[in-house]
Amino acid sequence: MSEVQTIDIRTTTRLEMVDITALVRAAVKRTGATHGLATVFCPHTTAGLTIQENADPDVKSDLLAHLARLVPKEAGFRHGEGNSDAHIKSSIIGASTTLLVDSGKLLLGHWQAIFFCEFDGPRDRRVFVKVVKG
């Protein structure tokens, strides 16, 4: 089995989606795995991971705008840090995603990319990648 790899991410705004597909592909390549599963995990409670379209930037804007309407920042939350909306958005999006690896490559659809979703930035963040060879 391969070791856990760390990908460092620096976000620049409070709400942001960062395409990390190339970074995850590089991590998978470093393992030398030809077949298996790649799990990408976000260890932050105010951020998440999703697979989404990468061709039209309006998809990212629409997703972030809709999440902001669903869970507004100023909604009278009790949590004292003022980032309860980010915690809720993180729970909605999720903390991990698992992808198939075949012939040494991630199996993603033509328009798909892996996005790190920032809900409480800007911050220095990281995600972990673990490839289980099959």
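The values are calculated or read from the model by the stated rules, or taken from the named source; none is laboratory data. The structure presented is a predicted model; accordingly, all values stated were derived computationally and were not measured. Cβ: placed from backbone, ideal geometry, glycine included. Neighbour counts: every protein chain shown.
Among strands (runs of 3 or more DSSP E) entirely within the range 13-71, having at least 2 residues that are under 17 Å from residue 112 (Cβ atoms), among the hydroxyl-bearing types (Ser, Thr, Tyr) and at pLDDT below 95 singles out no element at all.
Among the residues of the range 62-76, is any of a type in the set (Lys, Arg), crowded, with 19+ Cβ neighbours inside 10 Å and touching a helix residue (DSSP H, G or I) at 6+ places or on another chain (Cβ under 9 Å)? Step through it out loud before you land on a result.
At the first step, the residues of the range 62-76 found to be of a type in the set (Lys, Arg) are 69, 73.
Checking the rest, the ones that are also crowded, with 19+ Cβ neighbours inside 10 Å come to none.
Taking every residue of the range 62-76 in turn, none turns out to be of a type in the set (Lys, Arg), crowded, with 19+ Cβ neighbours inside 10 Å and touching a helix residue (DSSP H, G or I) at 6+ places or on another chain (Cβ under 9 Å).
Mind listing whichever residues of the range 106-125 are surrounded by 14 or more Cβ atoms within 10 Å (Cβ to Cβ) and charged (D, E, K, R)? The answer is 118, 120, 123, 125. Whenever a residue of the range 99-124 is on the phi < 0 side of the Ramachandran plot and part of a strand (DSSP E or B), its partners that are among the acidic types (Asp, Glu) and surrounded by 18 or more Cβ atoms within 10 Å (Cβ to Cβ), lying with C-beta atoms within less than 9 angstrom and at least six residues away or across chains, give the pairs 116/16; 117/16; 118/16. When the residues of the range 90-105 are filtered to those that are over 15 Å from the mean Cα position of the chain (by Cα) and of a type in the set (Gly, Ala, Ser), which remaining residue is surrounded by the fewest Cβ atoms within 10 Å (Cβ to Cβ)? The selected residue is 103.
Number of residues in the range 22-43 that are surrounded by fewer than 19 Cβ atoms within 10 Å (Cβ to Cβ) and over 22 Å from residue 104 (Cβ atoms) equals 1.
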